[in-house]
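Each remark here refers to the structure printed beneath this line.
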Amino acid sequence: QAVNGATLPLAGKKALVTAGPTQEPLDPVRYISNHSSGKMGIAIADALAAAGADVTLVLGPTGLSAANPAVKTIRVVTAEEMFNGSEVHFAQSEVIVMAAAVADYRPKHVADIKMKKGEGDALTLELEKTKDILRTLGATRTDKQVLVGFSLETNNEKEYALKKLREKHLDLVVMNSLNDKGAGFNHDTNKVTLFNKNGDARELPLKSKLEVAQDIVNSIVEMLPANGA
Ligand code: CTP
Ligand code: CA
C-alpha cells in the first residue's frame with residue numbers, strides 16, 4: 001500500500017486493540033460497569049489502520065464505532081468475552097494496544113431471573129476477580145511485538161503507571177490522569193504522559209483524542225523492530 005508513492009509505516013502488520021468498558025451481569029437486567037466510552041481506543045484503532053495496519057478491534061459495549069471501515073470490530077460484553085476475543089488474535093499481532101477499561105471483578109453468582117428486593121435494608125454482593133487480559137497475554141509476548149497498555153489513576157499516577165509497565169511486560173504505558181480538566185471519560189480531548197520501557201516520560205499537552213492516538217501510533221512505529229530483524 002502506498003500513499004503519494006510512500007509506503008505506509010505499518011503496511012503488512014497485524015494489530016490488535018481492545019477498547020471500551022466491559023459489563024458484568026448480576027441478573028438479566030443489571031450489570032456492573034464503568035464510565036469508559038471507548039473513544040481513545042477506537043481512535044487508536046483508526047490511526048493504526050490509517051498507518052496501514054490490518055486492525056482487529058475487540059470492543060466492549062459502546063454506541064461508538066471505528067470510522068475506518070477496514071477496522072475489523074469484534075463486539076463483546078464481558079471481561080471473559082474480551083479475553084477470548086483478544087487471545088485468538090494476540091500471538092499473530094505485531095502491534096497490541098490494550099486500551100479497554102476491563103472490569104476487575106464480576107458478580108460471583110449471576111441470577112438467571114431478576115433479583116427481587118428483599119426485606120432487609122442492605123444487600124451484599126460477592127465478587128470474584130476477572131482475568132487480567134493484558135497481564136496474562138503479555139506474559140506470552142515476544143520481542144517481535146510492540147505491547148502498549150494504559151494506566152488510569154487518580155493518585156500516585158507515575159508510580160502505578162511504571163509498575164504496570166514492568167509487571168505487564170509493556171513497551172509503552174499511556175498514563176491518564178483523572179484529575180485533569182478536559183481529560184478522561186467521554187471527553188474528546190485527553191491529557192496523557194507516555195512512559196517507554198526505560199521509564200522515560202513524554203508528557204503530551206491537552207489535545208484531541210485523535211491527535212493523542214496519532215502520537216501513540218508514531219511511538220509504536222519508532223519502537224517496531226526493523227523488518228527481518
Ligand atoms: N487490563 C486488562 N484486563 C484486565 C484489567 C486491565 O487487559 N482485567 C489492562 C487495561 O486494558 C490497561 C491495563 O491493563 O491497559 C491497566 O489497567 P488498569 O485498570 O489501569 O490497571 P489494573 O492492572 O487493573 O490495576 P488497578 O485497576 O488496580 O489500578
Ligand atoms: Ca483495573
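The values are calculated or read from the model by the stated rules, or taken from the named source; none is laboratory data. If you're wondering where the values come from, they're calculated on a predicted model, not measured in any experiment. In this analysis, Cβ positions are derived from the backbone assuming ideal geometry, glycine residues included, and neighbour counts consider all displayed protein chains. Note: accessible area is taken over every heavy atom of the protein model, side chains too, but ligands, DNA and RNA are not part of it. Shrake-Rupley method; radii C 1.70, N 1.55, O 1.52, S 1.80 Å.
Residues in the stretch 128-147 that are in contact (Cβ under 8 Å) with a residue 24 or more places away in the chain, within 16 Å of ligand 2 (Cβ to nearest atom) and not polar (S, T, N, Q): how many?
Kept after step one, since they are in contact (Cβ under 8 Å) with a residue 24 or more places away in the chain, are these residues of the stretch 128-147: 129-141, 143-147.
Next, only the ones that are within 16 Å of ligand 2 (Cβ to nearest atom) stay: 129-138.
Retained after the next criterion (residues that are not polar (S, T, N, Q)): 129, 131-135, 137-138.
Count: 8.
Where in the stretch 26-104 are the strands (runs of 3 or more DSSP E), entirely inside, with at least 1 residues that are modelled with pLDDT of 95 or more and farther than 24 Å from GLU211 by Cα?
Values: elements: 30-32, 54-59, 72-75, 95-98.
So the answer is 30-32, 72-75.
Can you find even one residue in the stretch 75-85 that is free of Cβ contacts under 8 Å to residues at least 40 places away in the same chain, open to solvent by 60 Å² or more (accessible area, probe 1.4 Å), more than 11 Å from ALA15 (Cα to Cα) and in contact with a strand residue (DSSP E or B) (Cβ under 6 Å, 6 or more places away or on another chain)?
Scanning the stretch 75-85 turns up at least one residue that is free of Cβ contacts under 8 Å to residues at least 40 places away in the same chain, open to solvent by 60 Å² or more (accessible area, probe 1.4 Å), more than 11 Å from ALA15 (Cα to Cα) and in contact with a strand residue (DSSP E or B) (Cβ under 6 Å, 6 or more places away or on another chain).
What's the number of the only condition in (1) touching a residue at least 60 places away in the same chain (Cβ under 8 Å); (2) within 22 Å of LEU59 (Cα to Cα); (3) open to solvent by 70 Å² or more (accessible area, probe 1.4 Å) that ILE96 fails to meet?
(3)
Output the number of residues of the stretch 128-158 satisfying the condition of being modelled with pLDDT of 95 or more, loosely packed, with under 14 Cβ neighbours inside 10 Å and over 17 Å from HIS89 (Cα atoms).
2
Does the stretch 183-194 contain at least one residue that is in a helix (DSSP H, G or I), at pLDDT 95 or above and over 20 Å from LEU64 (Cα atoms)?
Step one: filter the stretch 183-194 for residues in a helix (DSSP H, G or I), giving none.
No; the residues of the stretch 183-194 include none that is in a helix (DSSP H, G or I), at pLDDT 95 or above and over 20 Å from LEU64 (Cα atoms).
Identify, please: which residue in the stretch 159-177 is surrounded by fewer than 16 Cβ atoms within 10 Å (Cβ to Cβ) and free of Cβ contacts under 8 Å to residues at least 24 places away in the same chain and is, among those, farthest from the chain's Cα centre (by Cα)? Walk me through how you get there before you give the answer.
Filtering the stretch 159-177 for residues surrounded by fewer than 16 Cβ atoms within 10 Å (Cβ to Cβ) gives 159, 163, 166-167.
Filter once more, keeping what is free of Cβ contacts under 8 Å to residues at least 24 places away in the same chain: 159, 163, 166.
Values: GLU159: 20, LYS163: 17, ARG166: 17 Å.
Step by step, filter the stretch 159-177, then rank; the result is GLU159.
For the stretch 178-207, give me the residue count where each residue is farther than 15 Å from MET223 by Cα and open to solvent by less than 50 Å² (accessible area, probe 1.4 Å).
Number satisfying all stated conditions: 10.
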